[in-house]
2 protein chains.
Amino acid sequence: MERQTRQREAICAAIESCDRPLSPAELCEAARRRLPSLGVATVYRAIRELVASGWLRIVEIPGAAARYERAGKPHHHHFLCRICNALWEVSGCLRGVDALAPAGFVTEGHDITLYGLCHDCRGAGPK
Amino acid sequence: MERQTRQREAICAAIESCDRPLSPAELCEAARRRLPSLGVATVYRAIRELVASGWLRIVEIPGAAARYERAGKPHHHHFLCRICNALWEVSGCLRGVDALAPAGFVTEGHDITLYGLCHDCRGAGPK
DNA sequence: ATAGGTGCAAACAGTTTGCATGTAT
DNA sequence: ATACATGCAAACTGTTTGCACCTAT
């Protein structure tokens, strides 16, 4: 990430102007609205570099494509809406999560993902 | 799943003789020890049918290929070893997980995945 | 006998890589 | 001027599908 290029500006701008984590495809589509000629490979390369540099964070979701959000937020988890597929941030965590591991295992971290209906979809039928 | 075939016997036996969830590749390898000519496509087809019939359960893991375990076990979670990539069962859960959701959200379920070093890899360097 | 199952290889989707060209410094 | 970055297409990986052959019933 040594040079400032139009493609990197488009990619970073797309991430910053979105309030939810984006998948590579969503990010590519969003950045192409600013720079239509943008290639997929460039998006993947930028993601890798931004993650390596600590600017981006990978959000891995069970059963869905990984998404990316700006790094630096406090420890949190996510809520995946079954209806609209939006991924929401869930602040806070629980004590004792890491201690669930079997004896003799070394726990280095954990993920918690909640599933259900988000505020917007609760009560509404499928989109 | 209408007929009893050697390949299906090998696949089901592989699952039942293993105490942890297997990825499609692991399952294929294990079943091939019983029936070396087994094709990948057959493994995927069997997985799909066994899940549909309720005999197998999908275990989705953030950032890793899905694994499969016998259905019907009590609620539990999993531990993914960073070194050997094996997925281990973690018995128990925590109270209050579903209540982490933001107000107004309806939580229907959750996943917890722990990461770290399993008993076999703790202390050992990378394989 | 025959419908369902299998193995192979081709088709796919998502991600990565090689290379000639473009461009920020 | 010269690295570094980009776009394209080919390569890879993991999963699915089409099809001719095989086999449990």
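Brief remarks follow.
- Label point of residue A:120 (7 Å along Cα→beta-carbon): distances to the other copies' equivalent points are 4.5 nm, sorted ascending.
- Dipole of the stretch B:6-70, positive end: most advanced residue of B:22, B:46, B:62 [Cβ charges, Cα centre]: B:46
- As a ratio to 2.2 N^0.38 Å, the alpha-carbon radius of gyration for the protein assembly as shown is 1.15.
- The C-alpha atoms of chain B define a longest principal axis, and helix B:6-16 lies at about 30 degrees to it.
- Neighbouring Cβ atoms from other chains, within 10 Å of the Cβ of residues in A:96-105, number 6 on average.
- Cα-based helix-to-principal-axis angle, B:40-52 vs chain B, degrees rounded to 10: 50 degrees
- Spin-label model, residue A:45 to residue A:13: label points 7 Å out along the Cα-to-beta-carbon direction sit 2.0 nm apart.
- Note on the protein assembly as shown: dipole from Cβ charges, positive end direction compared against A:103, A:5, B:74; the farthest Cα belongs to A:5.
- Here's the picture: a label point sits 7 Å out from the Cα of residue A:70 along the beta-carbon direction, and within the stretch A:10-45 the residues with their amide nitrogen under 13 Å of it are A:12-21.
- Residues of the stretch A:85-127 falling in the label zone of residue B:108, defined by backbone nitrogen less than 15 Å from a point 7 Å along Cα to beta-carbon, are A:85-87, A:114-127.
- Chain A - charge dipole about Cα centre, Lys and Arg +1 at Cβ, Asp and Glu -1, debye rounded to 20: 400 debye
- Structural descriptor for the stretch A:39-127: relative contact order 23 percent, calculated from alpha carbon pairs under 8 angstrom and at least 6 residues apart.
- Sequence-distant contacts, meaning Cα pairs under 8 Å at least 6 residues apart, place the relative contact order of the stretch B:76-122 at 49 percent.
- Using a 7 Å Cα-to-Cβ projection, residue B:6 label spacings across copies, nm, ascending: 6.2
- Placing a label point 7 Å from Cα along the Cα-to-Cβ direction at residue A:96 gives distances to the equivalent points in the other copies of 0.9 nm, listed shortest first.
- FRET efficiency estimate (nearest 0.05) - Cβ-Cβ, residue B:89 to residue B:34, R0 35 angstrom: 0.90
- Per-residue average of Cβ from other chains inside 10 Å of A:41-50: 0
No value in this document is a laboratory result; all are computed from the given coordinates. Note that the structure is predicted; figures quoted are calculated from it, not measured. For neighbour counting, all protein chains shown are included, and Cβ atoms are generated from backbone atoms with ideal geometry for every residue, glycine included.
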